[in-house]
Amino acid sequence: MNNPSTDKPNTGKLTTIENLEVAPNRRHLYAHLVENKFIVDITRFNADALKIYSGEVLAKIHSGDPALAQFIPPQIFEVIKAKKLFGWGQKAALAAT
């Protein structure tokens, strides 16, 4: 499956199997995989989730930024914070020392 994504920060254009840029030496393989439905577009997805980037989320986790709660379910946010998962607050702790 081809996960939907955008080309942020450029145009925000949705990337699909039709417009994905593929290296010239891999185009025949890619065409074969698409034609035989080994790669298909995901058509049902939450477009708002495409605005969330893992690097931004990880930076918020490391800095202990409470704004992270806007990006993930509240229960998950509370577990990350309580158990200090994924380096929660590490940068904030280092800056305080």
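Only the coordinates and a few stated rules stand behind these numbers; no lab work does. Given the structure is predicted, the values throughout are model-derived calculations rather than measurements. FYI the Cβ positions are ideal-geometry reconstructions off the backbone, even for glycines, and counts take in every protein chain you see.
The Lys13 and Arg44 beta-carbon pair, evaluated with R₀ = 30 Å, returns a calculated FRET efficiency of approximately 0.95. How much net charge surrounds Gly64 when only the other residues with a Cβ under 12 Å from the Cβ of Gly64 are counted, with Lys and Arg +1 and Asp and Glu -1? Value of the local net charge: +3.
In order along segment 67-72, the phi-based Karplus estimate (6.51 cos²θ - 1.76 cosθ + 1.60, θ = phi - 60°) of 3J(HN,Hα) comes to 5, 4, 4, 6, 9, 10 Hz; Gly and Pro are listed as x. Looking at segment 29-88, the trypsin sites (Lys or Arg not before Pro) that sit in a DSSP loop and have at most 11 other Cβ atoms within 10 Å of their own Cβ are Lys37, Arg44. Within straight-line reach of Lys13, meaning a Cα separation under 20 Å, sit the following lysines at least 8 residues removed in sequence or on another chain: Lys51.
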